1. Sequence-distant or interchain residues sharing an amide H contact under 5 Å with Val268, placed H: which?
2. Shape of the chain from its Cα gyration tensor (a ≥ b ≥ c, root eigenvalues): rounded if a/c is under 1.5, otherwise prolate when a/b > b/c, or oblate?
3. Would you kindly derive the ³J(HN,Hα) couplings of the stretch 222-232 from the backbone phi angles with the Karplus curve 6.51 cos²θ - 1.76 cosθ + 1.60 (θ = phi - 60°), listing them in order in whole Hz, with x for Gly and Pro?
4. Rounded, prolate or oblate for the stretch 118-192? Axes are the square roots of the Cα gyration tensor eigenvalues, ordered a ≥ b ≥ c, and the cut-off for rounded is a/c under 1.5.
5. According to the square roots a ≥ b ≥ c of the eigenvalues of the Cα gyration tensor, what is the shape class of the stretch 9-108, taking rounded for a/c under 1.5, prolate for a/b larger than b/c otherwise, and oblate for the remainder?
6. Rank Tyr193, Leu172, Gly160 by how far each Cα sits towards the positive end of the charge dipole of the chain (+1 on Lys, Arg Cβ; -1 on Asp, Glu Cβ) and give me just the farthest.
7. Over 28 Å between Cα atoms, which of Lys64/Lys101; Lys110/Lys245; Lys28/Lys110 qualify?
8. What angle do you read, to the nearest 10 degrees and between 0 and 90, between the alpha-carbon axis of helix 241-253 and the longest principal axis of the chain?
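Nothing in this text is a laboratory measurement; each read-out follows from the coordinates by a stated rule. As the structure is a prediction and not an experimental result, all values here were calculated from the model. Don't worry about glycine lacking a Cβ; one is built from the backbone with ideal geometry, like all the others, and counts go over all protein chains shown.
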Amino acid sequence: MTAATTAPVLISPEQAGSNQIETVLWVKHWTPFLFSFGITRPASFRFRSGEFVMIGLPGEGGGKSILRAYSVASPSFAEELEFYSIKVAEGPLTSRLQKIKPGDQVLLGKKPTGTLVLDALTPGKRLFLIGTGTGLAPWLSVARDPDAYSAYEKIVVCHGVREVAELAYRDLFTKDIFDDPLVGDQARDQLVYYPSVTREAFERQGRITTLIENGQIFRDLGIEASQFDARYDRVMLCGSMAMIKDTAALLETHGMKEGSNAEPGDFVLERAFVG
Ligand code: A2P
């Protein structure tokens, strides 16, 4: 895991020089606490779908810049870079970042990295992308990448949130992705969007861990086995620490092993970034 990069970091103007300055293209506010934005992508910036990178703002009045890790929400071939963020009123970065407008400048780190990548998993049949809150961000990248559809028969995007309004990108996963020129046809056959809400009435309620433990997710998907099968299922986890810990423990009881870039396995995980 990459816990060391979760907290926002302050860097001096000299260090900030090692980041690239990019331009905000668009901003979309989902709720008072959630927003997305797109920025220009330098030609030299290469990443694998699912990786994260440092994003930040230059210091005010020559002061220190502040950066934190963000999963890139766009797929690796996209012309622009997309990010999905919480807004924290007292957050050292997001209190300012939430006010960005098209034309503003943001800092972009030069070294994308991370384990939520297809390369860190051994071959399988079904890919479960399990995210809570802004932990959906890396799945926006992976599920829009044609390589994911070549590697797996089925891709299941699970998004667990407290309230219905937090189901950002619902339109993408229920309509827009099917018109995507690159993955639309495959998504129609292979993609399942599986949202669940815990603190409000919704068509599907309950924590993702509960839906796994009681077998509901497998019944809903028409999978005969009522649990994960280490031979066929591969899982990526991103979101709250508690969800990751509990789900990883569940996967381990089914004989699944955590993977990494150096040693691919049955599941990989990364904490969603805060602040
Ligand atoms: P709950 O409402 O029951 O706490 P948060 O906003 O705190 O990051 O939570 C996002 C979603 O993750 C919520 O639906 C929350 O459910 C759920 N969640 C929190 N902890 C766990 C856990 N240990 N296992 C599964 N889901 C969890």
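1. It is Val235, Met236, Leu237, Gly259, by chain and number.
2. prolate
3. x, 8, 4, 5, 9, 8, 5, 10, 4, 6, 10
4. Since a/c reaches 1.5 but b/c is at least a/b, the shape of the stretch 118-192 is classed as oblate.
5. Taking the square roots of the gyration eigenvalues as a ≥ b ≥ c, the stretch 9-108 is oblate.
6. Working it through, the farthest residue towards the positive pole turns out to be Gly160.
7. Lys110/Lys245, as the Cα separations exceed 28 Å there.
8. Long axis of 241-253 versus the principal axis of the chain: about 30 degrees.
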